[in-house]
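Here is the structure we will look at, set down as structure tokens.
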Amino acid sequence: MGAKGESDPAAGKNREKNRTAVERRSERELVITRRFDAPARFVFAAWTTPELLKRWWAPKSAGMTLLSCEVDARTGGKYRFEFGPKSMAFFGKYLKVTPYSRLVWTNEESDDGAVTTVTFEEKDGKTLLTLRELYPSKEALDYAIAGMEGGMPEQFEQLDELLLTLGTGAGRS
Amino acid sequence: MVQYSIARLDVSFAALSDATRRGVLEQLGHADCSITDLAQKFHMTLTGMKKHIGILEQAGLVATEKIGRVRTCKLGPRRLAEETAWIEAYRQFWAARFDALDLVVEELKQKKEVDGRKRRK
């Protein structure tokens, strides 16, 4: 079973070129991809420097604020993000840090947390970023999906609108 | 509308609150299955399994079809639509994050280019 989030007819051609794609690639893996018009070292720096992370990790449009951000981006180093307004903490450690090309970290705020791998592939001065979230089991990913709906009641309305537009026409693939 | 949708989600969460029912959904994610086979797999009576399937069916998470004497279960439209909707919401969240990242990266790039030019002078 595969499910993709892709439809965004309003996006212009320029945005289309650098659009964010999310795919459930297997029963326990989610893959997010996005292209950036900059060499990998800049994109990598923005992922590993607390002052820079603070500027984009909690986008205002997502209704979040980053209360604190501690990042020790070295193999074996730890990280901790705290979000508002309901003070939620996300933490874990870096299993592997390869400058400008790869980051692997654990998500330890829950027992069934994923291992996240981000790769930065540079080509012609642009970077393809791929983020993989590998959950310990299919159930863990299913639960994360159900849990996120449950944990964000303010999103129910938005979810419901989406469900309405999708209708029941989403047959089996 | 909102009341209606919350009631509907309540039904979904109630349906998902049981370990056997979550197991059934996982099983049906792999392949369609008859109620008899599901009862065997989960070591329960046919009546017990029928009850679970009824709850899942009511929530739109499972659809059943009777062919001859066998009732076959598969994932329902709501289950699939919900996952697709969640993935779209998640995509929008990351898209917002990456749009903000774009600005940071662009600034780093500009700064570097300016620094480079200064150094060359």
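Using the scaling law 2.2 N^0.38 Å as the reference, what is the normalised Cα Rg of the range B:2-75?
1.10
Going by average Cβ density within 10 Å per residue, which order do the peptides A:32-43, A:104-115, A:133-144, B:37-48 take, highest to lowest?
A:32-43, A:133-144, A:104-115, B:37-48
Please name which of B:84, B:31, B:53 has its Cα lying farthest along the dipole of chain B towards the positive end, using unit charges on Cβ (Lys, Arg +1; Asp, Glu -1) and the Cα centre as origin.
Sorting the options by dipole projection puts first B:84.
From the cross-link list A:93/A:123; A:54/B:111; A:54/A:93; A:54/A:96; A:17/A:93, which pairs have alpha carbons spaced over 24 Å apart?
A:93/A:123; A:17/A:93
Read-outs: derived from the displayed coordinates by stated rules, not from any lab. Quick caveat, the model's predicted, so the values are computed rather than measured. Ideal geometry is used to build each Cβ from the backbone, glycine not excepted, and the neighbour counts take in all protein chains shown.
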